[in-house]
Amino acid sequence: AVVGDRIRVRTEVRVDRPMDYIHLKDMHPAGLEPTNVMSGYRYQDAVGYYQSTRDTATHFFFSSLKPGTFVLEYDLMANQKGIFSSGISTIPVSYTHLTLPTKRIVEISVGGGSLQKKKAEAERRR
């Protein structure tokens, strides 16, 4: 990617049982800015939710989720050169102390060149 490119964030959520009042917090990688900062109710992949985007994360609020797998997508714009790791996603379930496990770490290279070359250059500078 180069500065100014749009990068589509795709988060896959798997639900194994019915759940109510779910909040998914999807952290943004450094060097990327949200393109749609308007909060509002959305419907995507057969799921309705309220989306609120801030500088550091996009928040998804679900009143209920049925068992199954669904995908949430939104765009970010590359605004800085460098190698950045994606943020983490967390799902704290309301009205309980449970936090559901998440895994998604992606490295993003902005500014041209391969990710391996940029990593090697960063290592040489250390």
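Across the protein chains, with a 1.4 Å probe defining accessible surface, the residues 41, 50, 74 rank 41, 50, 74 from largest area downward. Placing unit charges on the Cβ atoms of the charged side chains and taking the dipole of region 25-74 about its Cα centre, the candidate lying farthest along the positive direction among 46, 71, 29 is 46.
Protection proxy ranking of 22-31, 9-18, by the mean of other Cβ atoms within 10 Å over each peptide's residues and highest first, is 22-31, 9-18.
Of the solvent-accessible surface of region 22-96, computed with a 1.4 Å probe over protein heavy atoms with every protein chain present, carbon and sulfur atoms account for 55 percent. Averaged over its residues, region 11-79 has an accessible area of 54 Å² per residue, based on protein heavy atoms and a 1.4 Å probe. Charge tally around residue 15: other residues with Cβ under 13 Å, Lys/Arg +1 each, Asp/Glu -1 each, net -1. Electrostatic bookkeeping for residue 48 treats Lys and Arg as +1 and Asp and Glu as -1; over the other residues with beta carbon under 13 Å from its beta carbon, the sum is +1. With K and R counted +1 and D and E -1, the other residues having a Cβ less than 9 Å from that of residue 60 yield a net charge of +1. Scalar couplings 3J(HN,Hα) for region 31-46, obtained by applying the Karplus form with A = 6.51, B = -1.76, C = 1.60 to θ = phi - 60°, are x, 10, 10, x, 9, 10, 9, 7, 6, x, 7, 10, 9, 8, 6, 6 Hz; x denotes Gly and Pro.
The values are calculated or read from the model by the stated rules, or taken from the named source; none is laboratory data. Computed from a predicted model, the values in this text were never measured in an experiment. So basically every Cβ, Gly included, is an ideal-geometry build from the backbone, and we count neighbours across all protein chains shown. Just so you know, the surface numbers come from the protein's heavy atoms only, side chains and all, with ligands and any DNA or RNA stripped out. Shrake-Rupley method; radii C 1.70, N 1.55, O 1.52, S 1.80 Å.
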